[in-house]
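Q: Provided herewith is a single structure, encoded as structure tokens, for subsequent inquiry.
Laboratory data are not the source of any read-out in this text; all were calculated from the coordinates shown. Since the structure is predicted, the reported quantities are computational estimates derived from the model, not experimental observations. Using ideal geometry, Cβ is built from the backbone for each residue, glycine included, and neighbour counts are taken over all protein chains shown.
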Amino acid sequence: MSNYYATARSNYFAVKDEKAFLEWADQLGFAVLEPDHRDKVADGIRRFGIAPGNHGDCGGWPESMCDEETGEYEDFDVSAQLSAHLADGEVAALMEAGNENLRYVTGHAVAVNGKGETVRVDLESIYRKARKLGGNITRAEY
């Protein structure tokens, strides 16, 4: 049996309250990224990115979190929580790509703004888009 392993990170975005954002990220065990290229901060605004920490989801964005008081797992939406921290006009893009050996390769991304509005894309959409090229397309999996 194989395990799913992913790589995930976000783009850089400005936040409303740095202290509150950093506490949130630390509480969830996220790595906080800061750009080291001048072109990413040319407007003088401090921006941050995030990446999943070592929380047991094999490198991907967490979809549930354990409530320490009850020991129960609860659904968790990173983009919804992050939305509350975004400065006006900022959009965070959360990307993830992963695989389970050669069984399958998957990837998806969600972008969210400070109003909680989102757009999503995934690699699976290639099958719908490829239908216009021809009727015989198999899935890249076993």
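Q: Taking R0 as 25 Å, what's the FRET efficiency between R46 and K115 from their Cβ-Cβ distance, rounded to 0.05?
A: After rounding, the FRET efficiency stands at 0.70.
Q: Another question, then. Just to confirm the number: angle between the C-alpha axis of helix 18-27 and the first principal axis of the chain, 0 to 90 degrees, nearest 10?
A: 50
Q: Give the total of Lys-Lys pairs in the chain with Cα-Cα distances below 26 Å; include a pair only if its members are 8 or more places apart or on different chains. Don't jump to the answer; show the numbers that get you there.
A: Numbers: K16/K40; K16/K115; K19/K40; K19/K115; K40/K115.
Eligible lysine pairs with Cα atoms under 26 Å apart amount to 5.
Q: Search the structure for amide H atoms under 5 Å from the amide H of I50, placed 1.01 Å from N in the peptide plane, and list their residues when 5 or more places away or on another chain.
A: Amide H neighbours of I50, under 5 Å, 5+ apart: S10, L33.
Q: OK, next. How compact is the range 5-133 by the rule of thumb for globular proteins, expressed as Cα Rg over 2.2 N^0.38 Å?
A: 1.16
Q: Whose amide H sits under 5 Å from the amide H of G60, counting only residues 5 or more places off or on another chain, with H placed in the peptide plane?
A: Distant-sequence amide H within range of G60: A6.
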